[in-house]
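What follows is one structure encoded as structure tokens, with my remarks underneath.
Derivation of every value follows stated rules applied to the coordinates shown; laboratory data play no part. Keep in mind that what you see is a predicted model, and the values were worked out from it rather than measured. When we count neighbours, we look across all protein chains shown, and the Cβ atoms used for this are built from the backbone with ideal geometry, even at glycine.
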Amino acid sequence: MNNAKYERIVLKLSGEALAGDQGFGIDPKIVQSISLQVKEVVELGVEVAVVVGAGNIWRGKVGGEMGMDRATADYMGMLATVMNSLALQDSLENIGIQTRVQTSIEMRQVAEPYIRRKAIRHLEKKRVVIFAAGTGNPYFTTDTTAALRAAEIEADVILMAKNKVDGVYSADPSIDANAKKYNELSYLDLLKGGLGVMDSTASSLCMDNNIPLLVFSIMEEGNIKRAVLGENIGTVVRGK
């Protein structure tokens, strides 16, 4: 019986989450763990789209420290998200989950170009769709990509999986022992408090389109399924 709270989700994974404890590159065990959790959700009948970051391979601020042009550094980050997406696709298909990677920058030899209607059709056929290469434009983060794609495919929620925290806190809990964890916030609270869960462009886009956000830990097995079932984990961020 399908008792999922959501019918269509966007799962936002940070690149750092794929690196695991090694801090760089792709940890096969972590990718397999995430894939198995996604499979649990797919088997509930939920339509799953994924957006993956690139911080495990390349970060734009490194390019800035090298004196690199910002747009060039951002394009390198987009290409890194494609590498992560292909790794996740391969892992999912190895456990029997049909998956399609769609890129905002055309590279037809390795993935489909992003086409909204085609993405929705894949989701309706219960294929996992991974959106790679960001928005295809520099100066936008993968958080903004998740917000934009969620609006385009009319997703019910964005699940933001974190590898270092289990929700939204008033301060960095690894630094401030008095940091308070929030159970529920509004997007205005995020923006006014500068809480850093997602960038202001992404927050505004979610707020304007009334897309709820659930921030939770990816490091605990089964948390993606718990989130989809509506269990009380992490922090919920709403439009109002």
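Send over the Kirkwood Rh of the range 108-161, from the inverse of the averaged 1/r over different Cα pairs, rounded to one decimal Å. Kindly include the intermediate steps, with their values, before the conclusion.
Numbers: mean 1/r = 0.0828 Å⁻¹.
Hydrodynamic radius (Kirkwood, Cα pairs) of the range 108-161 is 12.1 Å.
Say the cut-off is 24 Å between C-alpha atoms; which of 61/162; 5/180; 29/164; 61/181 go over it? Spell out each step's value before the answer.
Working: 61/162 20 Å; 5/180 27 Å; 29/164 17 Å; 61/181 28 Å.
Correct reply: 5/180; 61/181.
If N is the number of residues in the range 1-138, what value comes out of its Cα radius of gyration divided by 2.2 N^0.38 Å? Walk me through the intermediate numbers first.
Details: Rg = 15.3 Å, N = 138, 2.2 N^0.38 = 14.3 Å.
In units of the globular-protein estimate, the range 1-138 measures up at 1.07.
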- Query: Roughly what would the spin-label model give for residue 21 and residue 95, points 7 Å off Cα along C-beta, in nm?
  - Reply: 2.1
- Can you pull the semi-axes for the range 42-104, root of five times each eigenvalue of the Cα gyration tensor, sorted largest first, whole Å? 30, 10, 9
- So, with points 7 Å from each Cα along the Cβ direction, the residue 188-residue 40 label distance in nm works out to 3.6
- PRE zone check, label point 7 Å out along Cα-to-Cβ of residue 115, amide N under 11 Å, scope the range 3-30, hits none
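Taking only DSSP H segments of four or more residues, each worth -39500 (n - 2.57), what value at 222 nm results for the chain once the sum is divided by all its residues, to the nearest 500 deg cm²/dmol? Display every interim value, and only then the final one.
Numbers: 9 runs with 93 residues, N = 240.
Dividing the helical sum by the residues of the chain leaves -11500 deg cm²/dmol.
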- Message: Let me make sure I get this right: for the chain, a, b and c are the square roots of the gyration tensor eigenvalues over alpha carbons, sorted descending. Under 1.5 in a/c it's rounded, otherwise prolate if a/b > b/c, else oblate. Which is it?
- Response: rounded
- Task: For the range 133-224, take the alpha-carbon Rg, divide it by the Kirkwood Rh, and send me Rg/Rh.
- Result: 0.97
- Item | Using a Förster distance of 30 Å, the FRET efficiency for residue 108-residue 66 (Cβ separation, nearest 0.05) | 0.45
- Counting DSSP beta bridges in the chain, what percent are antiparallel, to the nearest 5? 15
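Within the chain, which is the longest segment that contains none of the chymotrypsin sites (Phe, Trp or Tyr not before Pro) sitting in a DSSP loop with at most 13 other Cβ atoms within 10 Å?
Working: sites that count: 24, 139.
Segment 25-138 is the longest.
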- Task: Could you tell me the distance between the Cα centroids of the range 186-225 and the range 1-52, to the nearest Å?
- Result: 17
